[in-house]
Amino acid sequence: MPPTPLLFLDVDGPLIPFGERGGTPHPTYPPVRPASVSPLLARLDSARGPRLAALPYELVWATTWEDDANVWVAPRLGLPPLPVVRWPDDGPGPGGGVHWKTPGLVAWAAGRPFAWADDEIGAADRAWVADHHPGAALLLRVDPGQGLTRADFAALADWPGGRAGSVRSCGAG
């Protein structure tokens, strides 16, 4: 039986959208970090929790909130505590336009199929994952003004696992 695909979840943007009606940024963007208990937590849509839990993935926090996602976000979404990707404290990024999270997520997946929902995914990340990850991957760029949408959930539900060595991208941008 193939392993359950991972779903790496960012918080700021996908789960806490920054946009207002009409697409203008929320006045507190960039986000306030959890150390000050972000006022943006009120923007979480609790209906997203059951939709995430119903997806055929192992959910994993892939956010700078780290353990605070289990303290402040998961309970508001009705999710249990989730595994957390640990980020290095310092060091050079991968360069070439590759998001600093990308190598860490590929390492954490260790060849397992994964989907990644984030608002900062770009073409360089897709290329890097294709070159460095032997399993299937779905990179879902979420519109940070809206957060995860019905179309995003449909893309995640339709994908689980893909084909080994394939990288698919979808979403905003």
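The values are calculated or read from the model by the stated rules, or taken from the named source; none is laboratory data. Computed from a prediction, not measured in an experiment: that's the story for all the values here. When we count neighbours, we look across all protein chains shown, and the Cβ atoms used for this are built from the backbone with ideal geometry, even at glycine. Protein only, heavy atoms only, side chains kept; ligands, DNA and RNA dropped before computing areas. Shrake-Rupley method; radii C 1.70, N 1.55, O 1.52, S 1.80 Å.
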Treat each spin label as a single point 7 Å out from the Cα along the C-beta direction, and report the Leu41 to Ala124 distance in nm. 3.4 nm
For segment 117-164, I need the span (max minus min coordinate) of the C-alpha atoms along each principal axis, in Å, sorted largest to smallest. 31, 22, 9
Send over a whole-number figure in Å² for the accessible area per residue of segment 63-163, probe 1.4 Å. 45 Å²
Just grab the label-to-label distance for Ala157 and His132, each label 7 Å out from Cα along the Cβ direction, in nm (one decimal). 3.3 nm
D (µm²/s, integer) via Stokes-Einstein for segment 76-160, Kirkwood Rh across alpha-carbon pairs, 37 °C, 0.692 mPa s: value 232 µm²/s
What nm value, rounded to one decimal, do you get for the distance between Thr149 and Trp87 when each label is placed 7 Å out toward the C-beta? 2.6 nm
Can you give the extra length, in nm with one decimal, that the chain gains between Thr64 and Arg76 once fully stretched, where that is 0.36 nm per residue apart less the Cα-Cα distance? 2.5 nm
